[in-house]
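Notes follow the structure.
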């Protein structure tokens, strides 16, 4: 197939901090990138103006002569996928009740799909990344919270009202930490902020650990990556804590496996990159929590697309028939 | 449509105690019933002989002149639905590695489908019972254990290896009761035997309760139904215990709802029949454990088909195109 015959789509990864755009071909390869700060545009109209301009720029340069079949937008919030409608973006003011799909389709004269950002990532990862060989998989992203996307029968499954895959709220302790989403939700234990709090408590306990040394004594620089680095260097306190964190995740994974029995969990997000030890601990803890019938046919793997997962996933939405 | 034009199937509900057969029409109506004790037949051949004879008897009498399109078998164990293959029936000796689908198809000269008994019930309930208006639902059956079947996009979802829907093993406490399937599985708290143990502990505590009176002082007759009856009569100890039991179930339901966001949970099994108070408590406890976005669009309903759920569900397998 010649370059010009390949189908292409624009992926628009709409984050709270920045909006990233990429032209991606049907083999998952990025052909052009653009980026602007979310705060640099005002309101929905400002956003549409800027995106229209960036897409025109891409198609006039790197995309010239290429076949563009659609665009996909991933947004940090609740979406009705069928209608391309944004209910609300909790971290971006002014985006409540927006018919983004049809508004952007008019601007670009293109078919546009809008989805939750984690679903878009899951779709990208299951089309071009680690998940491409599976029909049934759970995509998990570790960060401030724990996000999820479900691949069922080779399609993203959105549940009754586009909200399925909220893995971070799966309870690991019915009498555990209370939050607006219930009791004992796993992200109350393994969200980035929670991990750092546990690191600080471990440091304060006075047990010898190199964690604070790794950030030059500056507590504000402690992050889950510090924990991972310290554990990799054999730090006993860090190893213990990393084991706890992965065990909490494992408890949620086991419950999910018993419900939908996926072929694989695909885990992405900063802390899951370059994290051999973390994955080993995660697998060991899941094994302890699952019947052998379930464990032996389950894979737990790192995501592949890394920081490009967002734009590639969004473009994959645009490539969907 | 005249009676003779209706499509019919034979449902065979293969239980550890008895095998029930029924001729069911495509409107879900039972036209004939037969039953024999599981221990009355010897081995797979004995079972096939008897089933073949019973089906011939039905079709010579009540089924005469009716259009028979298939048969479905529900079995208490692990099945490969695609192949009609039984891996193992833990409670029925001699049924390991049996190609039941093709063996029975040859005997009956009919298309035969074989599934896990709970999946068959879920299918029946979602075709002819409470679930008939849903595309996405979770069917739950309460008994010795807690079984489950998933309806996703209007079809029973079996997961990667035909084992999805093992709701009884969803953990409600990662440090809870240990079993071969992990830690804190919900059926370790709400299985029939576990409920009776808790009733006995409550009685032994000396707090005033009518539970023992309801069974004439005979502890061996205590059952979850006793608990329900005592609670219905306002017994404080029973109310407290029923609340605990429904809250454990609610914790599992909330986790499942966050993962797959069904339209409804449909709850069957003896204890869920005629159980208004139980359902009210279950709904209140789920509400406490779910974000309002999830709770307001979720229904929690009793199953409708009652003791016929098994044979009707099996026949529904036989009616599938």
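A short reminder: the numbers here are calculations on the coordinates, not readings from a lab. It should be emphasised that the depicted structure is a prediction, and the values quoted were computed from it without experimental measurement. Note that we place each Cβ from the backbone using ideal geometry, even for glycine, and neighbour counts take in every protein chain shown.
Some observations on this one:
- Most mobile listed residue (B:178, B:135, B:198) in chain B, GNM with C-alpha springs under 10 Å: B:178
- Sorted by Cβ neighbour density within 10 Å, fewest at the top, the residues A:277, B:21, B:214: A:277, B:214, B:21
- Within 10 Å of each Cβ in B:231-237, the average number of Cβ atoms from other chains: 0
- Peptide B:151-161 is shielded by partner chain Cβ atoms: per residue, an average of 5 of them sit within 10 Å of its Cβ.
- Shielding of peptide B:285-297 by partners, expressed as the average count of other chain Cβ atoms within 10 Å per residue Cβ, is 4.
- Chain B shape via C-alpha gyration tensor axes, a/c threshold 1.5: prolate
- Among A:53-60, B:35-42, sorting by the average number of other beta carbon atoms lying within 10 angstrom of each residue, highest first, gives A:53-60, B:35-42.
- Relative contact order for segment A:130-303: 24 percent, from Cα pairs under 8 Å spaced at least 6 residues apart, divided by residue count.
- Whether segment A:208-321 is rounded, prolate or oblate, judged on the alpha carbon gyration tensor where a/c under 1.5 counts as rounded: oblate
- Copies compared at residue A:15 - label distances in nm, ascending, label defined 7 Å from Cα in the Cβ direction: 5.7
- Taken over segment B:130-303, the alpha-carbon convex hull comes to 122 cubic angstrom per residue.
- Max mean-square fluctuation residue, GNM over chain B, Cα-Cα springs under 10 Å, options B:129, B:149, B:217: B:217
- Sorted from nearest, the other copies put their residue A:29 label points 6.4 nm away, the label point being 7 Å from Cα in the direction of Cβ.
- Computed [θ] at 222 nm, deg cm²/dmol, chain B (DSSP H ≥ 4; -39,500 (n - 2.57); rounded to nearest 500): -11500 deg cm²/dmol
- When both bridge partners sit in segment B:3-116, DSSP labels roughly 60% of those beta bridges antiparallel.
- Over chain A, relative contact order from alpha-carbon pairs under 8 Å, at least 6 apart, %: 21 percent
- Packing-based ranking, highest mean first, of B:7-15, B:26-34 given that Cβ atoms within 10 Å are counted: B:7-15, B:26-34
- Cα-based helix-to-principal-axis angle, B:117-128 vs chain B, degrees rounded to 10: 80 degrees
- 7 Å along Cα→Cβ, label-point gaps from residue B:56 to other copies, nm, shortest first: 8.1
- Counting beta carbons within 10 Å around each of B:78, B:265 and listing the fewest first gives the order B:78, B:265.
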